[in-house]
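The values are calculated or read from the model by the stated rules, or taken from the named source; none is laboratory data. Remember, it's a predicted structure, so these values are computed and weren't measured experimentally. Virtual Cβ from ideal backbone geometry, glycine too; neighbours counted across all protein chains shown. Note: accessible area is taken over every heavy atom of the protein model, side chains too, but ligands, DNA and RNA are not part of it. Shrake-Rupley method; radii C 1.70, N 1.55, O 1.52, S 1.80 Å.
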Amino acid sequence: MRITARVISLLSILFLVACGGGDGNVEDGNAKESNVSSDYIAEKTVFAMDTVMSLRAYGPNGEKALESAESEILLLDQKLRRGSESSEIYAVNAKGSAEVSEDTAELISAALDIGESTGGAFDISIAPVMDLWGFYTGEFYVPSEAELSDSLAKVDYRNVSVNGKTVSVTNGAQIDLGGIAKGYLSSQIIDIMKKNGVASSIVSLGGNIQTLGTKPDGSSWKVGIQDPDNLDGYIGVLSISDMAAVTSGGYQRFFEQDGAVYHHIIDPVGGSPAHSGLKSVTVVSADGTLADGLSTALYVMGLNKGTEYWRSHDGFDVVFVTDDNKILITKGLADMFEGRSEALIIE
Ligand code: ADP
Ligand code: MG
């Protein structure tokens, strides 16, 4: 038996090097500090939630905003880290019920709403199954049917409840916010930017992108969607402002055993890595939390159910990349997406 583990692509979507002007300077590490105007760029890189987070803010308040953003990142990382005994999630999982901070309660409520609306395709009580496959420890393991059904018996988002600031789990449920925490954090960071008077900002939390306003020159941000088959390439570019763009794909975190590939997005029906006919799903929304939760959920649901879901819910658009390399976009992105190959538009 041979197991190889690979964790790749911390940055599943990257912000592209913008052409011309000050941006070019920054990408080369030569920001012009004398230029304290709306073009002034503050940048910060933080390692948290097991990934690399890069933040960029334009204008004179950028540095101060990034200081606050960094504190928020470290704070939320600490509160949500499932394996850390001092975290709020650890307390809920270990004690069955615990009082958490307002933002943790808000995040879990949002996650449960997405669980409800996706019919459980998104399920934050997936922790026991993630553990069984070894995704949390990195000691990967392909479980038997019996082991899977034992762990699955504990998985049901309806066993998680939020009452004010008290979060409770029943029937063995254990919370794992890996599918949504970064999206919530990027929303919080954008709020911090606004509060600090920043009007133009882009953050990438391990590939979860969220943007505030436009670039200082008034043009939209260019966000590349990674090619699942060639991680240095893009299947297309989104032009967005005031939006989050979040990609989920089986290619992002996986292990191989005996020639089979097992990735980290689990179909709560069956408890195995989802095989829904998609290589990746990118969700674009003004709501970063929703974008993150839905990217995971729609990846599990697949193209047909995902399209049905999009038609019956507001507030987001989607880029689907299928196993046979077709690109399909929902019609809200028609003017915002430029594909390497022609994309079919979902109406
Ligand atoms: P990324 O790892 O890039 O953030 P996702 O946002 O798709 O990608 O999140 C995947 C993570 O979500 C997994 O590592 C796991 O923690 C969690 N997860 C896996 N399957 C599900 C699911 N069906 N519902 C909710 N969370 C899930
Ligand atoms: Mg997600």
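Looking only at residues in segment 222-234 that are of a type in the set (A, V, I, L, M, F, W, C) and open to solvent by less than 10 Å² (accessible area, probe 1.4 Å), the one that is farthest from Ser295 (Cα to Cα) is Val223.
From the list Thr118, Thr104, which residue is more than 16 Å from ligand 2 (Cβ to nearest atom), touching a helix residue (DSSP H, G or I) at 6+ places or on another chain (Cβ under 9 Å) and not basic (Lys, Arg)?
None of the other options fit; the residue is Thr104.
Reported count of residues in segment 280-303, each being of a type in the set (Asp, Glu) and more than 8 Å from ligand 2 (Cβ to nearest atom), is 1.
It is to be established whether one or more residues within segment 96-107 are within 12 Å of ligand 1 (Cβ to nearest atom) and touching a residue at least 24 places away in the same chain (Cβ under 8 Å). Within segment 96-107, not a single residue is within 12 Å of ligand 1 (Cβ to nearest atom) and touching a residue at least 24 places away in the same chain (Cβ under 8 Å). Just a yes or no: is a residue in segment 236-251 hydroxyl-bearing (Ser, Thr, Tyr) and within 21 Å of Ala110 (Cβ to Cβ)? Scanning segment 236-251, I find at least one residue that is hydroxyl-bearing (Ser, Thr, Tyr) and within 21 Å of Ala110 (Cβ to Cβ), so the answer is yes.
Scanning segment 227-268 for residues that are within 11 Å of ligand 1 (Cβ to nearest atom) and among the acidic types (Asp, Glu) yields one hit, Asp267.
Residues checked against (1) of a type in the set (Asp, Glu); (2) more than 16 Å from ligand 2 (Cβ to nearest atom); (3) touching a helix residue (DSSP H, G or I) at 6+ places or on another chain (Cβ under 8 Å):
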position: Pro143; (1), (2), (3): no, yes, yes
position: Gly172; (1), (2), (3): no, yes, yes
position: Asp176; (1), (2), (3): yes, no, yes
position: Val203; (1), (2), (3): no, no, yes
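Residues in segment 133-157 that are under 22 Å from Met301 (Cβ atoms) and either within 12 Å of ligand 1 (Cβ to nearest atom) or among the hydrophobic types (A, V, I, L, M, F, W, C) (or both): Trp133, Phe135, Leu148, Leu152, Val155, Asp156, Tyr157.
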